[in-house]
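Peer 1: Below you'll find the structure I mean.
The values are calculated or read from the model by the stated rules, or taken from the named source; none is laboratory data. Quick caveat, the model's predicted, so the values are computed rather than measured. Every residue, glycine among them, receives a Cβ derived from its backbone with ideal geometry; neighbour counts consider all protein chains shown. These accessible areas exclude ligands, DNA and RNA; they are computed on the full protein's heavy atoms, side chains included. Shrake-Rupley method; radii C 1.70, N 1.55, O 1.52, S 1.80 Å.
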Amino acid sequence: MTESTKEAFRRLRPCCVQLTKQQTVQNVSELRKLLEETAEEDVQQLQEYALFPLRIVLKQKQRLHERLTQAVLECMTHVFQHTQVHHWDMLEDTFTQLCVLLSSPSNNGQVADLSEEVKLAVVTTLKSLLLAADSSLLVSLYSVKYLPLIGHAVSVLLALAEQEGARKLRLETMECLMVLAGCHSGCEHLTPSLERQIADSFASFLPGITMTLCRVIMGDAKQGHAVTVCATEAWSSIVTMVMSDSSVGDSQSQQSMESCDVSERLRSLQVRRTEDWCNSTADKLKVLVQRIAGAVSHPNWRVRLALVEFAHRLLSRCNKTLQCCTAPLLQLLVSQVGDDYPQVSDRCTQVLTRYADKHLGSRPLVELLEENLHSLATSLPRLMRAADDEKKLSTLTLTQGYLKLLGSRVATLLNSAPHLRRLSMALLQVLEMDITDVKIVGERTPGGGLPALSVSKTMSPVPLESPPAGQYVPSSRTKRFRHFRDARVYDLLRQICQLLGYYGDLSLLVDHFQDLYQQSALHRKQAVLILNQILLGSTGTELPDVAARPPSEETADIICSLLEEYVSPKNWHLPTSSQSEYIDISNTPPDWSSGTTLPLKNSSDWLIPITSPRPHQISLKTLNSNILLICLQLEGIAVFSKVLGENFKLLLIQSLYPVLEKLGDESAVISDTAHSTLVSMCESCGYSSVAQLIAENADYLVNDISLSLRHYSLHPRAPHVLRVMLDNSDKDILPLGRDTIEEILLALDRHHEDRSVSFIRVLQSLVTAINRWFPGNKNEEANQRPSRPTWAVEGTQSIRDFLVEYHQTKKVADGLLGDDDITVVEHDGKESAEDAGKEEAMEEADRKAEVPAHIKNVLEVLARCRHLMSSGDPRLRLQVLDVTCEGLTALRDNPDHLLPQVHQLWQPFTHRLEDPEPLVILKAFETLCMMGRVCGDFIRKRVVKEVWPKVTTFLTNQAKISMKTGPAYTHTVAHRLQSAILAGLGPLCLQLGVGETEVEMIACACIPYLSARQPTKLQEGAFGVFDALIQLEPDAVWLILCDVYCPVLPQPPHPCFSHVKVSGSASEKSEYANNVTHLLEKLR
């Protein structure tokens, strides 16, 4: 002994003696404290001496206090963690004693009834003992002679791992089991021969170990992810050690090394790892591997990462012995390639890449992958119908992973007709779309056929609704599938189709799905969707981790063929509403989407009621199916442009007209999809906006429209194309479309009885576009509002000038003076030289050049509106009034043309103010307000004479009704009409510059709406009217209001004036008190 060892012995001896005499927790704690203060070299020399009293305590027959047992075990653990065990007696005795301590004395194989703390201390001590044992001692421990002892320890540890509830105890138990099996991270010092000996010993316990740990792995998620991860690691590590390819190969030589002095009974306990045993065990382990692989859907990513390592160990070290488990292990790895966590997906990809590089050249593996893919395709439709979302995702991820693993071998696989048929039918059944949603056919575009997009979006240099750069995003509103709702499922299906297009034979795939598209009405939409994704994936631009490649000449030819198929009349001109233009047109083919043939008859526009009887009405499902099919074909055109890039310009002559036709469709779903397609075409072909795309291809578009108009009965949608061009172009298109616009006007003259609405929409788009291209002056309201002279009475001269002016104006109004006699008298009574100069300027303007082309177009449109304003169809009357508003706005800077047009429109227009349809009256009043803004006092006398009586009568009669109604009245058309009239009446009076008599008439009609019993919105509208009237005639308005409610009687400013008598109530409880008081305050 060294001096330090002797000194340590002198310090430890009294404590050890005292512990031998008195076994208390305090004595054990003092011993541990001294051991912690002693150097490791000295503890190693005094190991047996220090452990002796502790071992005596554990060997006592009477049951010790649990705190004492725990303290003793923790002290022993400290010794084993800082020393090495070199004596067999120490290892054997301590190992046996610890196993006895854990075992129940009454039930063999069961755990003793101890506290969780004591159990944890025993397991920790046992693990420390095994880690501290010398390799030479372990050779004896794992011999056949001690196989029952090892087996007893394994059974007890397994019982603890499965049955205990404390997470820390379960983790420590499974780590102890791995140390006992020699596969722990702290067992790297074991020699190969010792590892084989341990494997031979544990082969006897493999069934119990694997089954118990499998139950732990598949246990409740409440046990915590750490327990599942540790059990997975223990299962794979022990199985890998026993079933390792190298270990099994040398097992026979290891068996011969066993001593011969062992009884036959003990020798029979050991399993010989022969080839037959390996095959039998592998078949049984396959069942457990499949069960464990089912945990890939575990919510914790660490468990999924542990499963990846689980598969990696078995595939890398047991490739031969567990060959039957290769399929489920590969399936496990493939399913995790697309994991959301990069730690899992990256590691999984790394493992698969290494395995593929090493084994994919072998024919058995390729056949295995092909067989798995075929079985997946067989079960996919059933799983998509019955399984939950997680199962659907895992199945599709498997399919995707197999395609990635096979790579270029997919083309060879799909040359097999059974494989191609099975995979294609699976995709067709899975992608079946839901056509029962009434929103598809019910959602219409505002204005009857244009997407709800502002002009600025279409005219912007870069399309605002374009997808992100480098990525094509199809319209999501058209994608609602029958068997799933999760967007992740659809993304995986898209990637599967794109992988087929990238790795497979493109010509074979397109021909196959095109045949399905032509043959089966049931699978037509799915076939289009799959074709689109196959072509999108052919270049690899949308696929991660693959190299992009340019489209080949074969791809361009395939796209040309598909484009012709998509836009052919039988597939493009499908009825999308019960009154569609294409329902009964004679050249329309049967309705392929419904599988039935409809009779061929003449039809009218969708706004005109169809009176001809039909034997069969088109069902909602058929209309939805047709809309979705057209949308998918539009998306296909967008895909074609994405694939070909600028080379798609060669196909614009075939595709642009059909897409513009669908942009003007009345179905909002089709119209929005067509707009997305146009945006994609702009990006692919290098156009900065939709306007540039149309402008640079307008020549042949206009030619196609003209040809279609000549055979209008065969091409009823031709006007919609022109309408779309006008809505999405600039003024440069106007000269190109001049002849086409004339043809539209002539066609309207010929078909005004049955097709007026289609043409009126085009004319409305034309006039709206003219307003956009040729904006007028922004200060028109200030220029056109009549100026009412405000006289400051400051002397007799001012009063005289006022009277002279009034007398002259009175004669003009009464028609006593001719045009040549009308002069404006200045304050001195002489003709103004400035006004004479204005008259000369007006005469020069009359002699100016001819009318601009766009003004001529507006005049032609208004001439048609004059005749159609009395149509029997209320929807057409509404449309005509809209066009009239736009047309008058376009003429606001040309009074020489504006005023005659107003004069000609006035007579049919006034009848619309008495229309039986309230919505037409509402639109007519809005048109009147527009006339007031652009014409000013030109229509004052007409309005006062013909309109005011109608308006005041309506307001007076309706006020009596609205005063007695409840909140539900605010949702009626009558309330909407009252509110609109009150909102527009004030500005209209200001624009017309009405006099005192008219102000009194309007005020008397609006007084009832100041009542607190009226709806709030009508009170606000009446308040606005009186605000305007106060600006015109404040004195008259004051007198009228005082006759309704007068809180304070007016007092004359001087005694010489008589009192003004008013009849208004002075009570604050009056229903008019609140509103009238506010107005009177404004008058002050």
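Peer 1: Work out the FRET efficiency for HIS189 and MET218 from their Cβ-Cβ distance, taking R0 = 25 Å, and round it to the nearest 0.05. Present the calculation step by step, with values, prior to reporting the outcome.
Peer 2: Values: r = 34 Å, r/R0 = 1.35.
Working from the Cβ atoms, E equals 0.15.
Peer 1: Right, another one. Pairs of Cα atoms under 8 Å, at least six residues apart: use those to get the relative contact order of the range 1-100, whole percent.
Peer 2: Numbers: 65 pairs, mean separation 32.2, N = 100.
Reported relative contact order: 32 percent.
Peer 1: Could you report the accessible area of LYS621 in Å², rounded to 10, computed with a 1.4 Å probe on the protein chains as they sit in the structure?
Peer 2: 110
Peer 1: Right, another one. Mind ranking 1077-1084, 383-390 by how tightly packed they are, going by the mean number of other C-beta atoms within 10 angstrom, highest first? The partial results should precede the final answer.
Peer 2: Working: 1077-1084: 12.8, 383-390: 14.5.
Per-residue Cβ counts within 10 Å, averaged per peptide and sorted highest first, yield 383-390, 1077-1084.
Peer 1: What are the equivalent ellipsoid semi-axes of the range 880-986, built from the alpha-carbon gyration tensor (square roots of five times its eigenvalues), in whole angstrom, biggest first?
Peer 2: Details: eigenvalues 156, 37, 26 Å².
Listed largest to smallest, the semi-axes of the range 880-986 are 28, 14, 11 Å.
Peer 1: Roughly how much of PHE640 is accessible, in Å² to the nearest 10, using a 1.4 Å probe?
Peer 2: Accessible area, nearest 10 Å²: 0 Å².
Peer 1: If you don't mind, there's one more thing I want to ask. Out of the trypsin sites (Lys or Arg not before Pro) in the range 142-179, which ones are loop residues according to DSSP with at most 10 other C-beta atoms within 10 Å?
Peer 2: On the way: sites: LYS145, ARG167, LYS168, ARG170; in loops: none.
Qualifying residues, ordered by number: none.
Peer 1: Taking a threshold of 23 Å on the Cα-Cα distance, which of the pairs LYS1017/LYS1069; LYS6/LYS127; LYS642/LYS662; LYS59/LYS127; LYS525/LYS642 fall above it? Show your work: numbers first, answer last.
Peer 2: On the way: LYS1017/LYS1069 21 Å; LYS6/LYS127 30 Å; LYS642/LYS662 19 Å; LYS59/LYS127 19 Å; LYS525/LYS642 20 Å.
Where the Cα-Cα span goes over 23 Å, the pairs concerned are LYS6/LYS127.
Peer 1: In terms of solvent-accessible area of protein heavy atoms at a 1.4 angstrom probe, what is the ranking of HIS374, HIS903, highest value first?
Peer 2: On the way: HIS374 65, HIS903 105 Å².
Output order, biggest surface exposure first: HIS903, HIS374.
Peer 1: Sequence gap at least 6, Cα distance under 8 Å: using those rules, report the relative contact order of the range 52-142 to the nearest whole percent.
Peer 2: Values: 71 pairs, mean separation 36.0, N = 91.
Relative contact order here is 40 percent.
Peer 1: For a test of the definition: using alpha carbon positions, the gyration tensor, and the 1.5 limit on a/c, classify the range 25-136 as rounded, prolate or oblate. Walk me through the intermediate numbers first.
Peer 2: Details: a/c = 2.03, a/b = 1.37, b/c = 1.48.
Here the range 25-136 falls in the oblate category.
Peer 1: Now for a separate question. Could you give me the ³J(HN,Hα) list for the range 1026-1040, computed from phi with Karplus coefficients 6.51, -1.76, 1.60 and θ = phi - 60°, whole Hz, x at Gly and Pro?
Peer 2: 5, 4, 5, 5, 4, 5, 8, 9, x, 5, 5, 5, 4, 5, 5
Peer 1: Taking square-rooted eigenvalues a ≥ b ≥ c of the alpha carbon gyration tensor, is the range 285-393 rounded, prolate or oblate, where a/c under 1.5 means rounded and, failing that, a/b exceeding b/c means prolate? If you can, show how the numbers build up before the last one.
Peer 2: Numbers: a/c = 1.58, a/b = 1.15, b/c = 1.37.
It comes out oblate by the Cα gyration axes.
Peer 1: Take each of the peptides 427-433, 908-914, 668-674, average the number of other beta-carbon atoms within 10 Å over its residues, and list them starting from the highest. Each step should come with its number before you reach the end.
Peer 2: Numbers: 427-433: 21.4, 908-914: 16.9, 668-674: 25.4.
The packing order, highest mean first, is 668-674, 427-433, 908-914.
Peer 1: Based on the mean of other beta carbon atoms within 10 Å per residue, what is the order of 158-165, 226-233, 30-37, most packed first? List each step's numbers first, then the result.
Peer 2: Working: 158-165: 18.0, 226-233: 22.6, 30-37: 16.0.
In decreasing order of mean packing, 158-165, 226-233, 30-37 become 226-233, 158-165, 30-37.
Peer 1: Continuing with the same structure: Show the residues, 5+ positions off or on another chain, whose built amide H is closer than 5 Å to the amide H of TYR1045.
Peer 2: SER1065
Peer 1: Residues with amide H under 5 Å of ARG444's amide H, sequence separation 5 or more or different chain, H placed in the peptide plane at 1.01 Å from N; which?
Peer 2: ALA668
Peer 1: Pulled fully out, how much extra length does the chain show between GLN1051 and LYS570, if you take 0.36 nm times their separation in residues and subtract their Cα-Cα distance?
Peer 2: Numbers: separation 481, 0.36 × 481 = 173.16 nm, distance 8.55 nm.
Contour length minus the Cα-Cα distance gives 164.6 nm.
Peer 1: Grab the beta carbon distance between SER408 and ARG167, set R0 = 45 Å, and tell me the FRET efficiency rounded to 0.05. Please report the intermediate quantities before stating the final value.
Peer 2: Working: r = 48 Å, r/R0 = 1.07.
Between SER408 and ARG167 the formula returns 0.40.
Peer 1: Which shape class, rounded, prolate or oblate, goes with the range 92-146 when its Cα gyration tensor gives a ≥ b ≥ c as root eigenvalues, a/c under 1.5 marks rounded, and past that a/b bigger than b/c marks prolate?
Peer 2: oblate
Peer 1: Taking R0 as 45 Å, what FRET efficiency do you get between ASP515 and ARG710 from their Cβ-Cβ distance, rounded to the nearest 0.05? Intermediate results must be reported in sequence, preceding the final value.
Peer 2: Values: r = 37 Å, r/R0 = 0.82.
After rounding to 0.05, the efficiency reads 0.75.
Peer 1: ³J(HN,Hα) across the range 706-714 via Karplus (A = 6.51, B = -1.76, C = 1.60, θ = phi - 60°), whole Hz, x for Gly/Pro?
Peer 2: Using θ = phi - 60°, the values come out as 4, 5, 5, 5, 5, 10, 4, 5, 8 Hz.
Peer 1: Any chance you could run the full-extension gain for ARG1013 through MET425? It's 0.36 nm times the residue separation minus the Cα-Cα distance, nm to one decimal. Let's see the in-between values first.
Peer 2: Numbers: separation 588, 0.36 × 588 = 211.68 nm, distance 6.82 nm.
Between ARG1013 and MET425, full extension yields 204.9 nm more.
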